[in-house]
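Please read the structure below before turning to the comments.
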Amino acid sequence: MKFGAGQPVRRVEDDRLITGQGQFTDDLTLPGVLHAVLLRSPHAHAKITAIDTLAARNAPGVVGVYTHADLEQAGLKPLPCVALMPNVDGSAMVVPARHALAKGKVAHIGEPVAMVVAETAALARDAAELIEVDYQELAAVVDTLSAVSAKAIHPETKSNIALDHELGDQVATDGAFARAVHVTSIKLVNQRVVVNAMEPRACLGDFDPATGKYTLYTGSQGVQGMRGAIAKFVLGIKNDMLRVVTKDVGGGFGMKSFIYHEYPLVLFAAKKLGRPVKWTSERAEAFLSDTQGRDHVTEAAIALDKDLKILAIRTHTVAAMGGYLSHFAPFVPTLAAPGMQVGVYAIPVFHTSTKCVFTNTVPVDAYRGAGRPEAAYVIERLVDMAAQDLKIDPAALRRRNFITKEQMPYTFPSKGVIDSGDFARNMDDALGIAKWADFSGRAKSAKTRGRLAGIGMAYYVEKTAGGFEMAHIDVRADGKVHVIAGTQSNGQGHETAYAQVVAAQLGVPISAVKVSFGDTEKLAAGGGTGGSRSLTMAGGASIVAVKSIVEQGKAIASNEMEAAVGDIEFVDGKFSIAGTDRALGLFEVASIAKSRANAEGVEGLSADGEYKNPNNTWPNGCHICEVEVDPETGVTEIVKYTVVDDFGVIINPLLVEGQVQGGVVQGLGQAMGEQAVYDAESGQLMTGSFMDYWMPRADNMPSMSFKANEVPCSTNPLGVKGCGEAGTVGSAPAFVNAVVNALASFGISHIDMPLTPEKLWAITKGKVAAA
């Protein structure tokens with residue numbers, strides 16, 4: 001398209017970021033700023049019998065030391081869990097109080113117990129070491145499955161089951177299994193991972209005693225949601241008494257959506273001390289204080305008839321919540337991907353049973369994909385196992401069960417409606433690019449080199465979020481267009497993509513458009529970034545605002561050119577009288593609007609855009625992974641990786657491919673080596689630094705072949721489908737399927753993630769029994 005939408009425009013924000021002009025939260029400061037350090041529990045489960053802060057209070061540079069008693073006196077409320085839903089029996093969930101500073105007990109290692117505020121972070125850290133806390137250690141519940149029957153870690157709950165949830169039709173599902181000709185079952189672990197965003201969390205709090213208003217600067221995934229939750233649930237104030245500002249953010253992945261202990265704490269301290277207060281996480285601290293991801297144990301099965309059509313799927317999942325219920329935690333394993341265990345297949349019935357359990361571990365919440373990767377992993381492992389059982393090509397089994405393009409729009413048994421897609425085409429293209437049919441020859445070649453070759457595929461579908469979004473656009477007389485969006489970039493390239501959308505709508509150069517986010521004072525509302533919703537929703541809101549600006553401009557142009565409003569056209573950035581060459585440019589009209597208004601703050605044409613869309617988009621695609629395993633070391637090399645995706649209309653192919661590559665790497669990271677390991681007895685985090693926690697590196701990752709087939713989405717004006725999480729959804733099952741295929745000669749049908757060299761070496765050397 002002429003003005004950039006649909007073109008691989010390079011990221012406009014990169015010049016600023018790579019030249020050191022970015023502003024991340026730790027770059028921010030205020031006059032007189034103090035620094036906070038939190039004393040965290042060294043125990044996973046313990047009663048607090050006494051806290052002695054006297055030595056810390058008298059330490060050099062210390063201006064305040066606080067415990068829960070101080071917060072209680074100030075009226076601070078517990079951190080909220082907003083994802084509340086009834087148990088299967090209709091009873092309410094029990095939500096144990098999660099205080100900003102521990103009250104009488106701790107439920108996971110790293111839980112904050114006290115806060116020290118001093119002139120420097122170093123002085124605060126030294127003083128924190130002087131605080132003496134008497135703990136009475138309690139037995140720790142660490143294992144996810146064991147938590148179901150273990151003694152409750154919270155006295156106010158009857159058990160560790162925070163939520164007992166079911167979805168689907170159990171009777172119909174049981175009936176389908178009863179008449180099935182073949183059943184494939186699996187028990188799998190979707191292990192816990194640490195998010196490890198490039199930028200650690202940080203926050204800076206301020207308080208104005210003259211107005212009674214707080215200001216919080218922090219990296220977030222949406223300032224409006226952050227303000228609303230802190231104001232309502234923790235501080236107990238009206239929204240307009242708290243301003244939240246987010247500058248640049250170095251990765252969020254869901255983790256930066258939530259309220260953390262430190263945010264209300266720096267606001268409390270700023271009010272108490274009359275000076276701004278800042279806290280910045282260290283990397284080791286992030287391992288203990290950021291929400292973690294996944295941690296599911298699932299038993300699942302599919303039933304097939306004589307024609308190899310899948311009749312039903314059922315799953316039983318135990319999902320660890322950690323020591324407390326984080327912001328959206330129960331939503332992730334239950335309703336974030338409701339019924340999506342059916343995948344892209346025409347499976348008529350399903351039933352899922354999910355138990356969310358407390359464990360003495362760091363709380364878990366949404367992590368890139370949030371429920372959709374877990375669902376895709378279940379169905380794609382089951383389909384591959386069924387193909388292995390039945391000795392049928394896995395692509396053929398998938399094709400036999402695909403929802404066809406002729407069935408669109410298709411209603412899933414969960415009642416979700418997918419509007420568009422061509423799954424067979426995407427898989428066929430991926431098979432061709434990956435040269436699937438020629439794999440046996442490559443496997444023979446690998447064998448001559450002492451390698452075990454394997455190939456695997458996964459076909460994913462993802463349900464992205466909708467809801468409400470807002471944008472504000474100013475078309476200024478100086479030739480610039482300013483866009484404020486209610487979402488929040490965490491590194492995805494929103495400044496570029498949104499500029500492309502607005503430039504195309506207004507007929508101006510992309511260079512004329514400046515996009516910003518992250519200030520509750522500048523936009524009345526916003527839905528934030530998460531669930532791959534940003535372009536769909538912010539793009540929709542921008543289109544609404546553009547339409548309003550065009551109507552304003554037509555009215556001004558009709559007056560200036562003495563023509564009826566109905567005769568004014570807006571094309572390629574110009575207002576013209578239909579059928580004539582008389583025209584006014586967009587910025588000329590903006591200048592006229594400014595001069596007419598003759599008011600401070602009016603720079604031209606401006607409008608808010610409010611966009612509501614309850615529909616989801618359904619990005620989908622086929623991943624094919626080819627590996628070679630060295631049986632002498634267990635090391636796996638990914639020799640080829642292919643992705644064919646349907647993201648609807650693509651605004652910027654360069655950004656989309658980057659998002660896919662990043663998502664694939666994150667999914668492969670979990671599949672290949674990432675795992676948060678807690679000691680089974682003490683609850684200590686054994687993988688609490690990069691010395692112990694494996695992270696994917698460039699030399700672990702393959703070059704990727706990527707293709708997009710654009711099947712426009714019919715439920716939003718841009719025709720787009722979200723792409724931010726898709727790579728993560730498809731990559732883990734594709735990799736595991738490939739490695740299982742490579743080791744099939746050892747009688748292997750499943751290997752739980754992570755597929756470490758040690759684990760694979762043990763299989764090739766006969767050290768473990770076939771699964």
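The values are calculated or read from the model by the stated rules, or taken from the named source; none is laboratory data. Please read all numbers here as calculations on a predicted model, not as lab measurements. Neighbour counts are summed over all protein chains in view; Cβ atoms, including those assigned to glycine, are modelled from backbone coordinates with ideal geometry. Keep in mind that these areas ignore ligands, DNA and RNA; they rest on the heavy atoms of the full protein, side chains included. Shrake-Rupley method; radii C 1.70, N 1.55, O 1.52, S 1.80 Å.
Of note:
- Multiplying the residue separation of ASP393 and THR29 by 0.36 nm and subtracting their alpha-carbon distance yields 125.0 nm.
- Difference of contour (0.36 nm per residue) and Cα-Cα distance, SER146 to ARG425: 96.0 nm
- Scoring 64-74, 613-623 by mean Cβ neighbours within 10 Å over their residues and listing the highest first yields 613-623, 64-74.
- Taken per residue, the accessible surface of the chain reaches 38 Å², heavy atoms only and a 1.4 Å probe.
- Fraction of beta bridges assigned by DSSP in the chain that are antiparallel (%, nearest 5): 80
- Residue-span extension gain [ARG16 to LYS238] - 0.36 nm each, minus C-alpha spacing: 76.4 nm
- Taking θ as phi - 60° and the Karplus parameters 6.51, -1.76 and 1.60, the scalar couplings of the range 180-193 work out to 5, 8, 9, 10, 10, 10, 8, 10, 9, 10, 9, 5, 6, 10 Hz in sequence order, x denoting glycine and proline.
- Percent accessible area from carbon and sulfur atoms, the range 590-641, protein chains only, probe 1.4 Å: 41
- The range 659-771 pair-distance distribution - Cα-Cα, 5 Å bins, rounded %: 2, 10, 15, 17, 16, 15, 10, 6, 4, 3, 1, 0
- Anchor LYS594: aspartates and glutamates whose Cα lies under 13 Å away (excluding residues fewer than 8 positions away in-chain): ASP474, ASP478, GLU603
- The range 37-132: antiparallel DSSP beta bridges as a percent of all, rounded to 5: 100
- Value in Å of the Kirkwood radius, where the range 727-771 supplies the Cα pairs that are averaged: 10.8
- In plain terms, the bigger the Kirkwood radius, the slower the diffusion; for the chain, with that radius from Cα pairs, at 10 °C and 1.306 mPa s, Stokes-Einstein puts D at 57 µm²/s.
- Annotation note: chymotrypsin sites (Phe, Trp or Tyr not before Pro) in the range 688-771 located in DSSP loop regions with a Cβ neighbour count of at most 13 within 10 Å are PHE690.
- In the structure shown, the pairs LYS256/LYS278; LYS232/LYS355; LYS105/LYS278; LYS640/LYS721; LYS247/LYS278; LYS480/LYS514 are assessed against 19 Å; a Cα-Cα span above that value is assigned to LYS232/LYS355; LYS105/LYS278; LYS640/LYS721.
- Straight-line cross-link reach from LYS405 at under 12 Å between alpha-carbon atoms covers these aspartates and glutamates, not counting any fewer than eight positions away in the same chain: ASP419, ASP422.
- Bridges between two residues of the range 378-530, per DSSP, are antiparallel at a rate of about 65%.
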